[in-house]
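*Asks:* Here it is: the structure, laid out below.
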Amino acid sequence: GDSVTQMEGPVTLSEEAFLTINCTYTATGYPSLFWYVQYPGEGLQLLLKATKADDKGSNKGFEATYRKETTSFHLEKGSVQVSDSAVYFCALRRGRDDKIIFGKGTRLHILP
Amino acid sequence: SQTIHQWPATLVQPVGSPLSLECTVEGTSNPNLYWYRQAAGRGLQLLFYSVGIGQISSEVPQNLSASRPQDRQFILSSKKLLLSDSGFYLCAWSESGWVSGNTIYFGEGSWLTVV
């Protein structure tokens with residue numbers, strides 16, 4: 001069945017380091033892809049999304065490109081900040097039934 | 001604008017007791033509604049989703065159930081809680097129909113501890 005696979009965390013980086021969190025998916029058809037962020041003690045917030053192949057989503061310095069050939073949607077940021085410490089979830093939305101499937105999440109910890 | 005409300009925010013329940021978590025959405029009609037669970041140290045697990053009143057899809061066999069008595073109301077229930085039901089429960093909604101890139105919006109979540 002359809003699924004989302006994220007790199008396992010936790011990921012620990014120093015401030016201003018380059019960030020990549022890998023995400024790959026398995027799905028039939030043409031899903032939309034999302035990254036959500038969960039700050040400590042809070043619900044999930046949409047970070048960025050892409051709806052078709054080669055689309056690039058971006059927000060708050062984060063970027064991810066919808067790569068259909070590699071079925072990937074990796075999250076990147078050029079210079080992370082302590083305030084980026086959170087759990088990041090990759091997700092897909094199936095077109096045929098609106099079902100939304102999440103990866104297991106990647107905890108990111110940024111050191112000052 | 002649309003808003004989603006979920007309650008209670010936290011609750012501690014004994015094993016074997018019933019559960020009722022409620023979720024309502026305002027500012028939209030005929031939304032898709034979802035219940036997710038986030039267990040400690042684990043990811044998000046889709047429990048139920050609904051594309052209309054009385055239409056519930058169950059994703060994981062368990063002792064939980066969901067109901068949608070009104071268009072914008074989604075209820076998560078259990079007759080007898082288990083220890084393994086502890087976790088963070090999130091209600092969510094999205095626009096219905098296939099609109100490319102429909103975003104899913106989450107409530108603030110409910111922390112359930114079964115003791």
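The values are calculated or read from the model by the stated rules, or taken from the named source; none is laboratory data. All figures in this text were calculated on a predicted structure; none of them were measured in a lab. In this analysis, Cβ positions are derived from the backbone assuming ideal geometry, glycine residues included, and neighbour counts consider all displayed protein chains. Heads up: the accessible areas ignore ligands, DNA and RNA and are worked out on the full protein's heavy atoms, side chains in. Shrake-Rupley method; radii C 1.70, N 1.55, O 1.52, S 1.80 Å.
*Asks:* Pairs only if they're at least six apart or on different chains, beta carbon under 6 angstrom, first in the stretch A:65-76 and under 13 Å from A:Phe34 (Cα atoms), second polar (S, T, N, Q) and in a loop (DSSP other than H, G, I, E, B); list them, first residue then second.
*Replies:* If the second residue must be polar (S, T, N, Q) and in a loop (DSSP other than H, G, I, E, B), the pairs left are A:His74/A:Asn22.
*Asks:* Out of all the residues in the stretch A:62-85, which are outside any strand (DSSP E or B) and either within 21 Å of A:Val11 (Cβ to Cβ) or within 11 Å of chain B (Cβ to nearest Cβ) (or both)? So that I can check it myself, show each step before the final result.
*Replies:* Going through the stretch A:62-85, the residues outside any strand (DSSP E or B) turn out to be A:66, A:68-71, A:73-74, A:78-85.
A:Tyr66, A:Thr70, A:Phe73, A:His74, A:Gly78, A:Ser79, A:Val80, A:Gln81, A:Val82, A:Ser83, A:Asp84, A:Ser85, listed by residue number.
*Asks:* Which of (1) over 23 Å from B:Glu95 (Cβ atoms); (2) more than 12 Å from the chain's Cα centre (by Cα); (3) in a strand (DSSP E or B) is the odd one out, the single condition A:Ile101 does not satisfy?
*Replies:* For A:Ile101, the exception is condition (1).
*Asks:* Looking only at the stretch A:56-67, which residues are farther than 23 Å from B:Trp93 by Cα and crowded, with 19+ Cβ neighbours inside 10 Å?
*Replies:* Result: A:Phe62, A:Ala64, A:Tyr66.
*Asks:* Given the conditions (1) open to solvent by 10 Å² or more (accessible area, probe 1.4 Å); (2) in a strand (DSSP E or B), which single one is not true for A:Leu33?
*Replies:* Against the list (1) open to solvent by 10 Å² or more (accessible area, probe 1.4 Å); (2) in a strand (DSSP E or B), A:Leu33 comes up short only on (1).
*Asks:* Check A:Tyr88 against each of (1) of a type in the set (Ser, Thr, Tyr); (2) over 29 Å from B:Ser50 (Cβ atoms); (3) assigned to a strand (DSSP E or B) and name the one condition it does not meet.
*Replies:* For A:Tyr88, the exception is condition (2).
*Asks:* Within the stretch B:7-19, can one find any residue that is closer than 30 Å to A:Glu8 by Cβ and within 12 Å of the chain's Cα centre (by Cα)? Let's see the steps before the verdict.
*Replies:* Going through the stretch B:7-19, the residues closer than 30 Å to A:Glu8 by Cβ turn out to be B:9-10.
The next check asks that each one be within 12 Å of the chain's Cα centre (by Cα); those that pass are none.
Taking every residue of the stretch B:7-19 in turn, none turns out to be closer than 30 Å to A:Glu8 by Cβ and within 12 Å of the chain's Cα centre (by Cα).
*Asks:* Of the residues that sit in the stretch B:65-115 and are in a strand (DSSP E or B), open to solvent by 40 Å² or more (accessible area, probe 1.4 Å) and in contact (Cβ under 8 Å) with a residue 24 or more places away in the chain, which one is farthest from the other protein chains (Cβ to nearest Cβ)?
*Replies:* Filtering first and then ranking leaves B:Thr113.
*Asks:* Could I ask something else about it? Among the residues of the stretch A:2-28, which ones are part of a strand (DSSP E or B) and within 16 Å of A:Ser83 (Cα to Cα)?
*Replies:* Listed by number, the residues that qualify are A:Val11, A:Thr12, A:Leu13, A:Ser14, A:Leu19.
*Asks:* Can you find, within the stretch B:23-39, the residue that is surrounded by the most Cβ atoms within 10 Å (Cβ to Cβ) among those that are within 12 Å of another protein chain (Cβ to nearest Cβ) and assigned to a loop (DSSP other than H, G, I, E, B)?
*Replies:* Of everything passing the filter in the stretch B:23-39, B:Pro31 is surrounded by the most Cβ atoms within 10 Å (Cβ to Cβ).
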